[in-house]
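What follows is a short report on a single structure.
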Amino acid sequence: MDKILTVVGTGVSYATPDAVVINGQIIGTVADYSEAVRSSAEALTAIRKSIGEAGFDMDDLKTTSFSVDTVYKNGASDTVEFSGYRYMHGISITTDADGETLGRLLQALTSCSQAPEFRVSYVVRDPSEPMKEARQAAVKDAKHKARELAAAIDVKLGDVVSVNYGSNGYSPSPRAMMVSAMAVDAVPRDAEFYESVTVQWEIV
């Protein structure tokens, strides 16, 4: 039976976010279903117009979800009464991470009569290079561990038998829910990119 040493190496790299993703929801409750659909569409149109007037491409605002649900409230004598229809329209837009651009966009969103609730996240547009760095770091870590273990058990490493890796992705830098165009000068933390690699060596 061949003697095999299996080691899992891990690596991490960091990159400064160069973009901002704003995910939001337009929410409202009305009495009629058709009115809910109409109100949602009108609110979306108003937001598109607002960001267009601020110098952004209106088509950059994407719909991520849409729903209309019935709403009930507690009535007299422990009864449940119909209250209306609640619509939720999910939206998303990506822009550059500089404070001036973000400030203009947030101002455009919050100046609408039916301003959406939204969350700001800082991201890296192209994660390929930091992911490559993380993979390389994972391989180096695996080699270091293998040599250390081989020395500890007084054996020598032979040829590499197999290499497997699975991307763990990266952790963006989330920001809290924002309700105004303030605090856009905040400096986002670097995004962290993780990789792991499993390497098997022949023991000789």
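The values are calculated or read from the model by the stated rules, or taken from the named source; none is laboratory data. Bear in mind the structure is a predicted one, so any value in this text is a computation, not a measurement. With ideal geometry, Cβ positions are generated from the backbone for all residues, glycine too; neighbour counts draw on all protein chains shown.
Just a few scattered comments:
- Extreme residue, nearest to THR110 (Cα to Cα), among residues of segment 9-51 that are over 26 Å from the mean Cα position of the chain (by Cα) and acidic (Asp, Glu): GLU42
- Checking each residue in segment 94-110 for being out of contact with any strand residue (DSSP E or B) (no Cβ under 6 Å at 6 or more places or on another chain), within 16 Å of THR16 (Cα to Cα) and modelled with pLDDT of 90 or more picks out only ASP96.
Results for (1) buried (at least 17 other Cβ atoms within 10 Å of the Cβ); (2) in contact (Cβ under 8 Å) with a residue 24 or more places away in the chain, shown as yes or no for each residue.
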site: VAL124; (1), (2): yes, yes
site: GLN136; (1), (2): no, yes
site: ALA152; (1), (2): no, no
site: VAL155; (1), (2): no, yes
site: VAL161; (1), (2): no, yes
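- Unique residue being among the small types (Gly, Ala, Ser) and outside the structural domain of GLN114 (by TED's automatic domain parsing) when the list is GLY24, GLY11: GLY11
- From SER121, SER39, SER67, SER113, residue being in a helix (DSSP H, G or I) and among the small types (Gly, Ala, Ser): SER39
- Answer residue from segment 172-194, given it is assigned to a strand (DSSP E or B) and modelled with pLDDT of 55 or more and is surrounded by the most Cβ atoms within 10 Å (Cβ to Cβ) among those: PHE193
- Selection within segment 86-110 - surrounded by fewer than 19 Cβ atoms within 10 Å (Cβ to Cβ), touching a Ser or Thr at 6+ places or on another chain (Cβ under 7 Å) and not in a strand (DSSP E or B): THR101, THR110
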